[in-house]
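**Student:** Before anything else, here's the structure in question.
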Amino acid sequence: MNFMDWYRADRLPTIFCVGCGNGTVINCALTAVSEVGWKREEVVFVSGIGCSSRAPGYIDADSLHTTHGRALAFATGIKLANPDLQLVVFTGDGDLAAIGGNHFIHACRRNVDMTVICMNNQIYGMTGGQGSPTTPRGALSTTTPYGAEEGTFDLTALSIAAGANFAARWTSYHVKELTNAIRAGLETPGFSFIEAAVQCPTGYGRRNRLREPEDMIEFFRTHSMLRQKYDRLLAEGKLVPPDTIVVGEFVRRDRPVLGGKK
Amino acid sequence: MSKISFIQGNIACAEGALAAGCRFFGGYPITPSTEIAEHMAMKLPKVKGTFIQMEDEIGSIAAVIGAAWTGVRAMTATSGPGLSLMMENIGYAVMTETPLVIVDIQRGGPSTGQPTMASQGDMFQCRFGSHGDYSIIALSPATVQEMYEMTAEAFNLADRFRVPVFLMADEIIGHMREKMTLPDTVPVMPVRERTERSTLPFKAEKDGVPGFTPFGKGHHVHVTGLTHDERGYPSTTNPDVHERLVTRLVAKVESTRREIASYDVTNPEAETVFVSYGAPTRAVWQALHDLKDDTVGHFRLKMVWPFPDWVEELFPQAQAYIVPEMNLGLISRELERHVTIPVISVPRLGGALHEPEELIRAVEGAK
Ligand SMILES: Cc1ncc(C[n+]2csc(CCOP(=O)(O)OP(=O)(O)O)c2C)c(N)n1
Ligand code: SF4
């Protein structure tokens, strides 16, 4: 199966703005699912609320579009009630880390067998560009009109600290690497977390001198640094620019899993 | 062989759920409901079921909804503060037509209130607590036997209507120990599942309820809390789609009011009629016994929602209704909407049950 075979043709086009990064991530995820060979009948796509969370509605399989922030709790119920089902969750930075932060750390702690893909656009896209827990310091949003003052969450680090078995971060520029990371996540038992930095030209780029979709993708290209290089530079005491996006696989381990096949 | 048992109401509730085939429990500890979770934690693994203690009640109800979509009978149990946290996802269960059972062992509120004392303060919360128009079913047990039987029946109703069904008990009934008969089996109605994939999984059958399409069976169903059409696809700006959906969600329950109603009528010729549900029913039983007056009747609700609004047909001679409740008068207000004679509310706060003498005085006052 090709990734296009997974789309519900009668639901296209999507509601996403022109140039939105969410479509790229969905394509990567569906390619990865095709590669591991899962059948439609055995996989359930789950999401919360937000632009990113609209993903399951476009996929021709069982799908649960839930309430804001709660996708992981719903997915936990599905997985534990029927461990034969494979779970893929789409979420946004606000959905996962603000309103859903508690469910996030507990799903990691339980190491529930599922793959969670967070489209991190550093903003609340759906509601029109408000600040989120990943909006960088100084960035403009409709609720940080003088620049964001709060610190941010490192979602990948959070997932590792909370106990996830697999964690990786890539961007919508890194289509191949992102696809491979999602595939590795699907294949790793336990909680797999893939953070995908994506452009939101409408809610974020427009207000932060990254107006065109390609501006943000170019930013991802020029500001990403492989984790190995980043670690080496740090070890050598060299300076790393604060807006660097550290990419790569961060953890792959084998802690006991909840909801594995019975 | 059925067997006689002397057990706590909360344990009877858990046993009733297990007998009905409940195989998933998601919950969060809260007095006075915790014994239900503890009993399920002990028993479910032995029948290949799943128990999970979630991080909060929002997660509990979410996990229960997720589990229900795999086709298992699923439930949670909580008390007022937990029920408040569940509200958004209860609306989600209504909108997505997810069958599930919520047990509320009511305690004194608002807020943390009286964790170990009984109340009936959540009777409107369970009916109206989530936003938007909707309908649910709520049962109200007055004995340990009923904790068992009504919990089991709640699953049948949930499956039939694809709605959340509430068991609205209280601390008194939940913690009381009393003799009961544990039957060998309970009636379990088969779920109306679709056998084939349909492009219209949310198209209702004649009774207003669509056949169920659990996950993992090739239905490819998209389930969303957004207003959706019969395909299950979001359709959020078409007024007709929204009106049709919400009207159906309400009508599928409300149109069966008379058929599913469950109540006891004592002395239909009575002039003064007690109306009760849950624990105060026990005080009414005692008062009727002490009074020995056949001009006094009793309308005892086992199903509170939907409300049986034809009360006047049942007590044609009634001059007044007396409604003892462990709140400041909730169901008495609902009753008032449906009758033309005086409704006398006998409220009780604090957790102690009405005294039978208090009810007898109320009868004298009404005459
Ligand atoms: C309980 C609740 N609060 C608020 C909202 C409004 N809301 C919808 S989407 C959203 C934020 C979405 O941001 P994010 O999760 O980052 O996803 P994105 O749209 O950026 O993909 C909010 C606040 C809601 N739907 N439910
Ligand atoms: S608002 Fe942003 S995240 Fe939402 S669809 Fe538009 S570009 Fe994508």
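**Student:** Can you name every residue in segment A:1-22 that is away from every other protein chain (no Cβ under 14 Å), surrounded by 16 or more Cβ atoms within 10 Å (Cβ to Cβ) and not in a loop (DSSP other than H, G, I, E, B)?
**Tutor:** Those that are away from every other protein chain (no Cβ under 14 Å), surrounded by 16 or more Cβ atoms within 10 Å (Cβ to Cβ) and not in a loop (DSSP other than H, G, I, E, B): A:Phe3, A:Asn22.
**Student:** If A:Val25 satisfies all but one of (1) within 8 Å of chain B (Cβ to nearest Cβ); (2) within 17 Å of the chain's Cα centre (by Cα); (3) among the aliphatic types (A, V, I, L, M), what's the number of the condition it fails?
**Tutor:** The failed condition is (1).
**Student:** List the number of the failed condition for A:Gly19; all other conditions in (1) within 16 Å of ligand 1 (Cβ to nearest atom); (2) at negative phi hold.
**Tutor:** Of everything listed in (1) within 16 Å of ligand 1 (Cβ to nearest atom); (2) at negative phi, A:Gly19 misses just condition (2).
**Student:** Can you give me the number of residues within segment B:87-106 that are over 16 Å from B:Ala138 (Cβ atoms) and either open to solvent by less than 20 Å² (accessible area, probe 1.4 Å) or in contact with a Leu (Cβ under 9 Å, 6 or more places away or on another chain) (or both)?
**Tutor:** 6
**Student:** To continue, here is another question. Is it true that A:Gln199 is away from ligand 2 (no atom under 12 Å from the Cβ), touching a residue at least 12 places away in the same chain (Cβ under 8 Å) and touching a Gly at 6+ places or on another chain (Cβ under 9 Å)?
**Tutor:** no
**Student:** I'm trying to understand the selection: among the residues of segment A:110-136, which are away from ligand 2 (no atom under 16 Å from the Cβ) and under 12 Å from A:Phe193 (Cα atoms)?
**Tutor:** Residues satisfying the conditions are A:Asn111, A:Val112, A:Asp113, A:Met114, A:Thr115, A:Val116.
**Student:** Enumerate the strands (runs of 3 or more DSSP E) found wholly within segment B:1-111, keeping only those where 3 or more residues are of a type in the set (A, V, I, L, M).
**Tutor:** B:73-78, B:100-108
**Student:** Let me ask something else about it. Take the conditions of a type in the set (S, T, N, Q), within 16 Å of ligand 2 (Cβ to nearest atom) and buried (at least 21 other Cβ atoms within 10 Å of the Cβ) and apply them to A:Ser63. Does it pass?
**Tutor:** Working: of a type in the set (S, T, N, Q): yes; within 16 Å of ligand 2 (Cβ to nearest atom): no; buried (at least 21 other Cβ atoms within 10 Å of the Cβ): yes.
The answer is no for A:Ser63.
**Student:** Continuing with this model, one more query. Please name all residue pairs, on different chains or six or more residues apart, with Cβ atoms under 8 Å, provided the first residue is in segment B:322-342 and is at positive phi and the second residue is surrounded by fewer than 16 Cβ atoms within 10 Å (Cβ to Cβ).
**Tutor:** B:Gly329/B:Pro347
**Student:** Among the numbered conditions (1) within 20 Å of A:Asn22 (Cβ to Cβ); (2) open to solvent by 10 Å² or more (accessible area, probe 1.4 Å); (3) of a type outside the set (Gly, Ala, Ser); (4) within 16 Å of ligand 1 (Cβ to nearest atom), tell me where A:Asn102 comes up short.
**Tutor:** Here A:Asn102 meets the rest and fails (1).
**Student:** Provide a single number: the residues in segment A:141-156 that are open to solvent by less than 70 Å² (accessible area, probe 1.4 Å), part of a loop (DSSP other than H, G, I, E, B) and either in contact with a helix residue (DSSP H, G or I) (Cβ under 8 Å, 6 or more places away or on another chain) or within 15 Å of ligand 2 (Cβ to nearest atom) (or both). Talk me through it step by step, then tell me what you get.
**Tutor:** Within segment A:141-156, the subset open to solvent by less than 70 Å² (accessible area, probe 1.4 Å) is A:141-142, A:144, A:147-148, A:151, A:155-156.
Checking which are part of a loop (DSSP other than H, G, I, E, B) leaves us with A:142, A:147-148, A:151.
Then drop every residue that is not either in contact with a helix residue (DSSP H, G or I) (Cβ under 8 Å, 6 or more places away or on another chain) or within 15 Å of ligand 2 (Cβ to nearest atom) (or both), which leaves A:142.
Residues flagged as open to solvent by less than 70 Å² (accessible area, probe 1.4 Å), part of a loop (DSSP other than H, G, I, E, B) and either in contact with a helix residue (DSSP H, G or I) (Cβ under 8 Å, 6 or more places away or on another chain) or within 15 Å of ligand 2 (Cβ to nearest atom) (or both) within segment A:141-156 amount to 1.
**Student:** Only one residue in B:Gly59, B:Gly9 is open to solvent by less than 10 Å² (accessible area, probe 1.4 Å) and within 19 Å of A:Asn102 (Cα to Cα). Which one?
**Tutor:** Exactly one of B:Gly59, B:Gly9 is open to solvent by less than 10 Å² (accessible area, probe 1.4 Å) and within 19 Å of A:Asn102 (Cα to Cα), namely B:Gly59.
**Student:** Does segment B:71-86 hold any residues that are open to solvent by 20 Å² or more (accessible area, probe 1.4 Å) and within 13 Å of chain A (Cβ to nearest Cβ), and which are they? Full working, then the answer.
**Tutor:** Step one: filter segment B:71-86 for residues open to solvent by 20 Å² or more (accessible area, probe 1.4 Å), giving B:71-73, B:81, B:84-85.
Result: B:Gly71, B:Val72, B:Arg73, B:Leu85.
**Student:** Just a yes or no: is a residue in segment A:240-253 of a type outside the set (A, V, I, L, M, F, W, C) and within 14 Å of chain B (Cβ to nearest Cβ)?
**Tutor:** Filtering segment A:240-253 down to residues of a type outside the set (A, V, I, L, M, F, W, C) leaves A:241-244, A:248-249, A:252-253.
In the following step, the residues that additionally are within 14 Å of chain B (Cβ to nearest Cβ) were identified as none.
No, that holds for no residue.
**Student:** Just to be sure before I move on: is A:Glu41 acidic (Asp, Glu), facing another protein chain (nearest Cβ under 10 Å) and away from ligand 2 (no atom under 16 Å from the Cβ) in the structure I sent?
**Tutor:** In short, yes.
**Student:** Moving to a separate point now. With segment A:157-243 as the region, which strands (runs of 3 or more DSSP E) entirely inside it contain at least 2 residues that are under 21 Å from A:Gly50 (Cα atoms) and out of contact with any His (no Cβ under 9 Å at 6 or more places or on another chain)?
**Tutor:** Per the criteria, A:166-171, A:191-197.
Residues are listed down the side, and each one gets a yes or a no for (1) more than 12 Å from ligand 1 (Cβ to nearest atom); (2) among the hydrophobic types (A, V, I, L, M, F, W, C); (3) touching a Phe, Trp or Tyr at 6+ places or on another chain (Cβ under 8 Å):
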{"site": "A:Arg110", "(1), (2), (3)": "yes, no, yes"}
{"site": "A:Val116", "(1), (2), (3)": "yes, yes, yes"}
{"site": "A:Thr143", "(1), (2), (3)": "no, no, no"}
{"site": "A:Ala164", "(1), (2), (3)": "yes, yes, yes"}
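**Student:** Name every residue in segment B:184-202 that is over 21 Å from the mean Cα position of the chain (by Cα), modelled with pLDDT of 95 or more and surrounded by 14 or more Cβ atoms within 10 Å (Cβ to Cβ), in order of residue number.
**Tutor:** Once the filter is applied, which keeps residues that are over 21 Å from the mean Cα position of the chain (by Cα), modelled with pLDDT of 95 or more and surrounded by 14 or more Cβ atoms within 10 Å (Cβ to Cβ), segment B:184-202 yields B:Pro201, B:Phe202.
**Student:** In segment A:57-67, which residue that is within 8 Å of chain B (Cβ to nearest Cβ) and more than 18 Å from B:Ala67 (Cα to Cα) is farthest from the chain's Cα centre (by Cα)?
**Tutor:** Restricting to residues being within 8 Å of chain B (Cβ to nearest Cβ) and more than 18 Å from B:Ala67 (Cα to Cα), the top hit is A:Asp60.
**Student:** Now a separate question. For segment A:127-140, enumerate the residues that are crowded, with 21+ Cβ neighbours inside 10 Å and either closer than 12 Å to A:Asp93 by Cα or more than 16 Å from ligand 1 (Cβ to nearest atom) (or both).
**Tutor:** Of everything in segment A:127-140, those that are crowded, with 21+ Cβ neighbours inside 10 Å and either closer than 12 Å to A:Asp93 by Cα or more than 16 Å from ligand 1 (Cβ to nearest atom) (or both) turn out to be A:Gly131, A:Ser132, A:Thr134, A:Thr135.
**Student:** Would you confirm whether any residue within segment A:75-94 is surrounded by fewer than 20 Cβ atoms within 10 Å (Cβ to Cβ) and within 11 Å of ligand 1 (Cβ to nearest atom)?
**Tutor:** No.
The values are calculated or read from the model by the stated rules, or taken from the named source; none is laboratory data. Remember, predicted model here, so these are calculated numbers, not experimental data. Heads up, the Cβs are rebuilt from the backbone with ideal geometry, glycines too, and the neighbour counts pull from every protein chain shown. Note: accessible area is taken over every heavy atom of the protein model, side chains too, but ligands, DNA and RNA are not part of it. Shrake-Rupley method; radii C 1.70, N 1.55, O 1.52, S 1.80 Å.
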